[in-house]
Amino acid sequence: MDVEAAPYLLDSFIEAIARLTSYALTDREKESVVRGFRQFHQRLERISSSASLRQLAIESKRKKHSVECQHVGKTCVQNCTRGFIKAFVVGYAVKCGIDAVPHIVSLRLFSKPQLLLRSLKSKDTLGFAAFLSTLIGAYKGILCAMRKFGTGNDYVNSLVAGALAGLVSIKIDRSRSRRAAVTLYMVSRALQYGVVWIFNRWSAGLQAEEDQLRGRSLKRAHSAVSVSQQSPASKPTPRGLQAMSPAASSDVLSHHVRWDDSAVDNSKEAKRRMLHIDRTKRVLRWIRACAPTALMSLSCGVIVYVLFFHTDVLPRGYLNFLSRASGYELLYPKRAASALKSVGSEVMRGTGGGRIPPGMGTKEYIATLPLANDLLPAAKDGIHHDYVACGIFHPGTTSCTRGVVSTILQSLPVAMKVYAPLNASVLLLFKRRQLLANPRRALLKLLVSSLRSSAFFALMVTYIINGSCFVRTLLGRDTLTGYIITGLAGGLAVLVEQPSRRIELAMYCFLRALENAWDVGVQRGIWRNVRHAEVALFSAAMGVLMTIYQNDPSTISLTYHSILTRVFGKN
């Protein structure tokens, strides 16, 4: 349509509407309506020039290539500013709370209130708050800018916004250890949900292909029915069919278009494709069910290898926690790392398969080891173990079974101290409605969940530490392979946990295994640390996570999605 003719068509259209409306109104009402139409007409005349229409056409084309922001009731500037301020306040409060918890538990905060003031004035607290607020504020601002001036593809918009926000914000945090921990956590989450997204798209593609094949066969079936219903005029309809009802005749007709009791294209290629789709979907379901357990097992294998053969690589806090959980902190006070190192060095030395010579007591043999001063206080006189590792793991008894029972009894209370407060916090923060609706059931569920998680942890630690006793008895010697097998088998303890928690536990251990494997590779010279590598990794992880969060939120678990929504909001 010609742009110059548009105003005249609008004039005629408005006059026609005004004339039709005037027939149904009184004189006074007619005058007010006509006055309104005249004002509206004058306004249209001002904006309906050819230049204005061309400008409107350009703006409409531009809007086709843009994506509207989803922050309802706020402008882009308001959304970015509020996100920045809110994130700074929340990050500051969370960091102060984390610093105050140990002092509250130890009751030192009540005798020394200045500890809280020290945390409030700490540069570390301000740095963490600045990092979090910059990350969220930059993401919101860049996303709005990309939607307004960038491409119309929101996948690209969120990917670029997340990557740039991560690139800008990560260097603000001055704590290298925290930067590394946050980067590893985000990388593990990006890998997790990236793989889930790929599997979901794969499954959706298979389902679409299956629906297409079934739809094609249904179309052929309907065409076959229509052909069979169009009987020739020269051929009279059988008397039996004349007496049948329409429903019965349709049943008869549908009987002739069935193929193996399913509506699938009756061809060799369709049969082959449907069989392939069915097998692939079964494999995908099996992988989804087994992936958490397999990931947990592999992660435990790496952790056990590092624990015994590269003990110095483990973070001191994590090593102390494992020592307390396994009970070795009681056997070797402040010397548990020496015990683990001694086991690894004895295995790597490979003399006698890790056996203690016959006729020689365990304490006498331990006195010959490099770290004997740390191990001798726990050794008992007059006891002979078959293997050096057994003499270190359970020095008070020669029975490996008693050593296993002792480790379980040591691990359960430690695990309960960890899981009971954690599950109680989750109940109070995220499941208050269930607690108020049925307190008895909620508390019983809390108790069962804590016991189940504690049993999982105790079994995993016990098999990681004492499982090697059974493996070396089976193999007849103490080898590196035996400890890796022990770690792989120890990861199977996750099957005791609830299925919904297995992937979270597996991701936590995978995070530790990834960090430890990297540090071992650096220590052995296989690779080296790259300057600003955590910046690039954090940027890439943020890009992947934000892309999935903005465009395919169903990929992310409900708990983690609720956390992301609270932190980043609806954009």
Cut-off 17 Å, label 7 Å out along Cα→Cβ of Ser203, residues of the range 281-318 by amide N: 281-293
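Mind pulling up the Rg/Rh value for the range 369-496? Radius of gyration and Kirkwood radius, both on Cα.
Numbers: Rg = 19.4 Å, Rh = 17.0 Å.
Looking at the range 369-496, the ratio lands at 1.14.
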With each pseudo-label sitting 7 Å past Cα toward Cβ, what's the Arg528-Val418 distance in nm, one decimal? 3.6
With a/c under 1.5 counting as rounded, go ahead and sort the range 421-571 into rounded, prolate or oblate using the C-alpha gyration tensor (a ≥ b ≥ c being the square roots of the eigenvalues; past the cut-off, prolate if a/b is larger than b/c, else oblate). oblate
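To the nearest 0.05, what FRET efficiency results for Ile85 and Ala536 with a Förster distance of 30 Å applied to their C-beta separation?
Values: r = 29 Å, r/R0 = 0.96.
Computed FRET efficiency for Ile85 and Ala536: 0.55.
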Separation in nanometres of the label points that stand 7 Å from Cα toward Cβ, at Tyr508 and Ala145: 3.9
Where Lys86, Lys123, Lys171 fall by accessible area, highest first, once all protein chains stay in place (1.4 Å): Lys123, Lys86, Lys171
Computed over the range 273-392, the distribution of all Cα-Cα distances in 10 Å bins, rounded to whole %, is 12, 33, 24, 12, 9, 7, 3, 0
Separation of the range 282-339 and the range 494-518 by C-alpha centroid, Å? 10
Need the full-extension length gain, Glu210 to Asn153, defined as separation in residues times 0.36 nm minus the C-alpha distance. One decimal, nm. 17.7 nm
Stretched fully, the stretch from Arg272 through Arg176 gains (0.36 nm per residue minus C-alpha distance, one decimal, in nm) 29.0 nm
Let me cross-check His561: its accessible surface, 1.4 Å probe, with only protein heavy atoms counted, in Å² to the nearest 10? 50
Label-point separation, Thr397 to Lys334 (7 Å along Cα→Cβ), nm: 3.0
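The values are calculated or read from the model by the stated rules, or taken from the named source; none is laboratory data. Owing to the predicted nature of the structure, the values given are computational and were not obtained by experimental measurement. Reconstructed Cβ throughout: ideal geometry from the backbone, glycine too, with neighbour counts over all protein chains shown. Surface areas here come from the heavy atoms of the whole protein model, side chains and all, with no ligands, DNA or RNA. Shrake-Rupley method; radii C 1.70, N 1.55, O 1.52, S 1.80 Å.
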